[in-house]
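Asks: Here it is, the structure, as structure tokens.
What follows is calculated from the coordinates using simple rules that are stated; it is not laboratory data. These figures come from a predicted structure and were not determined experimentally. Quick reminder, even Gly has a Cβ in these numbers, built from the backbone with ideal geometry, and neighbours come from all protein chains shown.
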Amino acid sequence: MSELPPSDESASAPRGRNWNALSAIIASLIGLLALCVSGYTAYIQREQVRAQVWPWLFAGNDDNDLSIVVANKGVGPAIVRSAQMLVDGKPQPDWSHVLQAMNIPVHSFAQATLNPNVLSPGEEVKIIKFLDKDGYQHFKAAAINHLTTNICFCSTLRECWMYSDQHLVGYKAIAQLVKPVEQCPKLKPAEVFNN
């Protein structure tokens, strides 16, 4: 009788599937998909919050009230971080200096605080109101060619914009006046408009 050599059963047996490895791959893909969905949901929620606290400042003249107003047309509060009034490119510290720099007799006027301030949605601040029509007309005529306004404001999410207007009075394309900025500039005390 002859002996048969031992057979290698593993070599001749058909290969089965490794169900554990396949299950691990599927679980990993499901986890990755859940992570992507979670990240996208967080992004959408942040965009919704951004839209709910978005401020939008602009300034202009109110001829009926003899005043210059700054208004928040956004849906969230506008936190004013800095403001500048420049006459022929030179920063002025307050309205009296603005009027003197434009060679306008300092008539009686009232003012409201713009810097620092927080404007609620829909709020308007009369930053200067003239008590006589002649003073207002002189101011309007001079402001068209000489006065530049810069207002840096932020949302409650610390996103900031710069409103820069070289024509404070008269018609303007508002969308071109407001630009996003990384942060409000750090101004020297002599460059800040305080009213």
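Asks: Residue 73 to residue 192: FRET efficiency via 1/(1 + (r/R0)^6), r the Cβ-Cβ distance, R0 35 Å, to the nearest 0.05?
Replies: Values: r = 25 Å, r/R0 = 0.70.
After rounding, the FRET efficiency stands at 0.90.
Asks: Cross-link list 73/188; 126/186; 90/186; 140/186: which exceed 27 angstrom alpha carbon to alpha carbon? Intermediate results must be reported in sequence, preceding the final value.
Replies: Values: 73/188 29 Å; 126/186 25 Å; 90/186 17 Å; 140/186 29 Å.
Among 73/188; 126/186; 90/186; 140/186, the Cα-Cα distance tops 27 Å for 73/188; 140/186.
Asks: Between 0 and 90 degrees, rounded to the nearest ten: what's the tilt of helix 133-146 against the longest Cα principal axis of the chain?
Replies: It is inclined by approximately 50 degrees.
Asks: Right, another one. Expressed as an acute angle from 0 to 90° and rounded to the nearest 10, what is the orientation of the C-alpha long axis of helix 19-52 relative to the principal long axis of the chain?
Replies: Its long axis makes an angle of about 10 degrees.
Asks: Compare the peptides 60-68, 118-126, 34-42, 78-86 by average per-residue count of other Cβ atoms within 10 angstrom and give them in order, highest first. Please list the in-between numbers first.
Replies: Details: 60-68: 16.7, 118-126: 15.1, 34-42: 10.0, 78-86: 21.7.
Ranking the peptides 60-68, 118-126, 34-42, 78-86 by packing returns 78-86, 60-68, 118-126, 34-42.
Asks: For the chain, what does the helix formula give at 222 nm: sum of -39500 (n - 2.57) over DSSP H segments with n ≥ 4, over the residue count, nearest 500 deg cm²/dmol?
Replies: Working: 4 runs with 59 residues, N = 195.
The per-residue figure over the chain is -10000 deg cm²/dmol.
Asks: Using amide H atoms built in the peptide plane, which far-off residues or other-chain residues are under 5 Å from residue 58 H to H?
Replies: Correct list: 71, 73.
Asks: Pop a pseudo-label 7 angstrom from the Cα along the beta-carbon direction at both residue 158 and residue 38 and give the gap in nm to one decimal.
Replies: According to this spin-label approximation, the distance is 2.4 nm.
Asks: Starting from the 7 Å offset along Cα-to-Cβ, what nm value, one decimal, do you get for the label separation of residue 88 and residue 104?
Replies: It works out to 1.6 nm between the two label points.
Asks: Starting from 0.36 nm per residue, how many nanometres of slack lie between residue 131 and residue 26 once their C-alpha separation is accounted for? The partial results should precede the final answer.
Replies: Numbers: separation 105, 0.36 × 105 = 37.80 nm, distance 7.61 nm.
Net length gain for the segment: 30.2 nm.
Asks: Expressed as a rounded percentage, what relative contact order does the chain have, with Cα pairs under 8 Å and six or more residues apart? Each step should come with its number before you reach the end.
Replies: Working: 354 pairs, mean separation 45.0, N = 195.
It comes to 23 percent, rounded to a whole number.
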